[in-house]
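Novice: Structure below; questions to follow.
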Amino acid sequence: MLTTLDRYIIKKYLSTFFFAVLICSMISMAIDFSDKVRNFIESACTLKNILLDYYPGFVLHMTGLLMPMYTLIAVVFFTSRLAFNSEILSILNAGVGFGRLLRPYLIAGGLISLMHLSMGHYLIPKMNQKRLWFERTFVWTDKQQIKSNNIHFMVGPDVKAYVKGYDKNAKRISTLRLQKLEGHRIKSILEADNVIWKEDKQKWQFPSYSVRTFDGLKESYQRYNVPVDTVINLAPQDFIFYHNQNEEMTSFELTAAVERDRARGFSNSRLFTIELYRRTADAFTNIILTIIGLAVAGRKVRGGMGLHLAVAIGIGAMFILIQKFAISFATSGNVPVWLGMWIPNLVFSIVALWLVSRAQK
């Protein structure tokens with residue numbers, strides 16, 4: 001059961017954490033507004049788009065990215081005040097060990113980690129859909145990237161597709177070639193020109209097409225000049241992608257996208273996998289930085305809160321730097337994705353253990 005000391009520290013922790021989230025969110029909104037105010041004025045967006053579609057998602061997005069930093073700042077801030085007022089020293093002198101003092105910190109840090117986990121895997125991506133729609137429509141209108149020439153991918157377990165050219169505006173494929181495979185051999189090739197997407201039917205229309213069939217050394221050729229609608233595991237949105245497309249997908253959607261893209265031979269699957277592991281790793285970072293914050297700020301020093309905050313910001317900066325390097329290594333394939341995303345946590349777990357061993361007992 002929670003004692004009076006536990007409730008006191010948990011209340012201090014959570015209140016300081018949410019206060020830090022509030023202040024930093026207001027600052028980030030002010031900076032973002034000053035950066036995009038010209039786009040807001042010149043574009044056709046409404047006040048409703050700005051206040052309801054964009055900024056709720058923006059605030060949650062920034063909170064998800066910086067929550068470990070908010071956790072570290074909150075722990076250092078209120079623990080430093082407790083140490084300055086000699087409350088930490090009094091608690092230790094009363095016979096409460098450092099491990100017992102750490103318990104309410106871990107409870108509060110665990111609650112924040114659970115909140116971060118649920119937000120990162122579902123809520124934040126859902127809110128990012130509106131935020132990214134707003135940015136792509138009214139701010140970064142030139143960020144859309146199109147796969148338009150010489151595209152190869154699998155549309156089935158034994159069907160390979162080749163697209164010579166794709167027109168985004170007309171939703172038209174200049175030349176489409178479907179190869180039916182049997183092991184390492186090609187059994188048939190279907191080729192069609194000017195393939196058009198029919199939005200009402202959600203199908204592709206072949207104005208005409210030809211089929212080559214191979215049976216050993218024998219080859220047969222047939223030409224069909226009758227329009228036909230057909231279903232292919234391919235849609236117009238598969239040709240369009242954004243560099244931050246993974247931010248608007250929930251973890252269930254990311255998992256499905258990874259399986260789909262791996263089957264098709266796309267390279268996007270690695271970026272989706274990195275995002276999936278990052279969301280879980282970042283949530284556990286809150287617990288590690290909670291331990292580091294207590295070990296750093298639990299000792300009364302001459303520099304006081306200012307020194308503690310400076311050390312905390314330095315530790316946070318080092319964490320972000322190591323995380324960026326780890327993401328780069330995981331993206332390039334030098335290390336497995338799961339290891340790359342957990343390298344910062346592993347490194348700072350060692351740092352946390354070393355700081356705890358030297359903390360005031």
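Novice: Just to verify a result, which residue in region 302-312, among those that are farther than 18 Å from W354 by Cα and touching a residue at least 12 places away in the same chain (Cβ under 8 Å), is surrounded by the fewest Cβ atoms within 10 Å (Cβ to Cβ)?
Specialist: Initially, region 302-312 is screened for residues farther than 18 Å from W354 by Cα, giving 302-307, 309-310.
Filter once more, keeping what is touching a residue at least 12 places away in the same chain (Cβ under 8 Å): 304-305, 309.
On the way: G304: 13, M305: 17, L309: 18.
Only one residue fits best here, namely G304.
Novice: Taking F84 as meeting all but one of (1) touching a helix residue (DSSP H, G or I) at 6+ places or on another chain (Cβ under 7 Å); (2) modelled with pLDDT of 90 or more, write down the number of the exception.
Specialist: (2)
Novice: Suppose the filter is touching a residue at least 60 places away in the same chain (Cβ under 8 Å), open to solvent by 80 Å² or more (accessible area, probe 1.4 Å) and assigned to a helix (DSSP H, G or I); does L111 pass it? Please lay out each step first, then the result.
Specialist: Details: touching a residue at least 60 places away in the same chain (Cβ under 8 Å): yes; open to solvent by 80 Å² or more (accessible area, probe 1.4 Å): yes; assigned to a helix (DSSP H, G or I): yes.
Yes; evaluated as a whole, the condition is true for this residue.
Rundown of residues vs (1) under 30 Å from K12 (Cβ atoms); (2) of a type outside the set (A, V, I, L, M), yes/no style:
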site	(1), (2)
F33	no, yes
K36	no, yes
I41	no, no
K48	no, yes
F58	yes, yes
G64	yes, yes
M67	yes, no
L72	yes, no
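Novice: Test each condition in (1) assigned to a helix (DSSP H, G or I); (2) within 20 Å of L101 (Cβ to Cβ); (3) β-branched (V, I, T) for I322 and report the one that comes out false.
Specialist: (2)
Novice: Also, quick follow-up: Just checking, how many residues over region 325-361 are without any contact (Cβ under 8 Å) to a residue 40 or more places away in the chain, part of a helix (DSSP H, G or I) and of a type outside the set (V, I, T)?
Specialist: If we filter region 325-361 for residues that are without any contact (Cβ under 8 Å) to a residue 40 or more places away in the chain, which is where we start, we get 325-326, 328-329, 332, 334-336, 339, 343, 346-347, 350, 353-354, 357.
Among the residues that remain, those that are also part of a helix (DSSP H, G or I) are: 325-326, 328-329, 332, 339, 343, 346-347, 350, 353-354, 357.
Those still in the list that are of a type outside the set (V, I, T) too: 325-326, 328-329, 332, 339, 346, 353-354, 357.
The number of residues fulfilling the criteria is 10.
Novice: Does region 282-293 include one or more residues that are among the hydroxyl-bearing types (S, T, Y) and either touching a Leu at 6+ places or on another chain (Cβ under 9 Å) or in a helix (DSSP H, G or I) (or both)?
Specialist: From region 282-293, those among the hydroxyl-bearing types (S, T, Y) are 285, 290; that's our starting set.
When the remaining residues are screened for being either touching a Leu at 6+ places or on another chain (Cβ under 9 Å) or in a helix (DSSP H, G or I) (or both), the result is 285, 290.
Among the residues of region 282-293, at least one is among the hydroxyl-bearing types (S, T, Y) and either touching a Leu at 6+ places or on another chain (Cβ under 9 Å) or in a helix (DSSP H, G or I) (or both), which makes the answer yes.
Novice: M62 is checked against (1) open to solvent by 60 Å² or more (accessible area, probe 1.4 Å); (2) free of Cβ contacts under 8 Å to residues at least 60 places away in the same chain; (3) not polar (S, T, N, Q) and fails just one. What number does that condition carry?
Specialist: It is condition (1) that M62 fails.
Novice: Run down I151, I186 and say which single residue is at pLDDT below 90, surrounded by fewer than 16 Cβ atoms within 10 Å (Cβ to Cβ) and in contact with a Phe, Trp or Tyr (Cβ under 8 Å, 6 or more places away or on another chain). Even if it seems obvious, please write down each step before you answer.
Specialist: On the way: I151 fails: surrounded by fewer than 16 Cβ atoms within 10 Å (Cβ to Cβ).
Just a single option satisfies the conditions, and that option is I186.
Novice: Could you please find all residues in region 313-337 being open to solvent by less than 50 Å² (accessible area, probe 1.4 Å) and either acidic (D, E) or closer than 28 Å to T16 by Cα (or both)? Don't jump to the end; show me each part of the working.
Specialist: Applying the first criterion (open to solvent by less than 50 Å² (accessible area, probe 1.4 Å)) to region 313-337 yields 314-316, 319, 322-323, 326-327, 330, 333, 335, 337.
Correct list: G314, I315, G316, F319, I322, Q323.
Novice: Can you find, within region 1-26, the residue that is farthest from P104 (Cα to Cα) among those that are surrounded by 11 or more Cβ atoms within 10 Å (Cβ to Cβ) and among the β-branched types (V, I, T)?
Specialist: I23
Novice: Could you figure out which of (1) in contact (Cβ under 8 Å) with a residue 40 or more places away in the chain; (2) outside any loop (DSSP other than H, G, I, E, B) isn't true of I232?
Specialist: (2)
The values are calculated or read from the model by the stated rules, or taken from the named source; none is laboratory data. Because the structure is predicted, anything quoted here is derived from the model rather than measured. Quick reminder, even Gly has a Cβ in these numbers, built from the backbone with ideal geometry, and neighbours come from all protein chains shown. Protein only, heavy atoms only, side chains kept; ligands, DNA and RNA dropped before computing areas. Shrake-Rupley method; radii C 1.70, N 1.55, O 1.52, S 1.80 Å.
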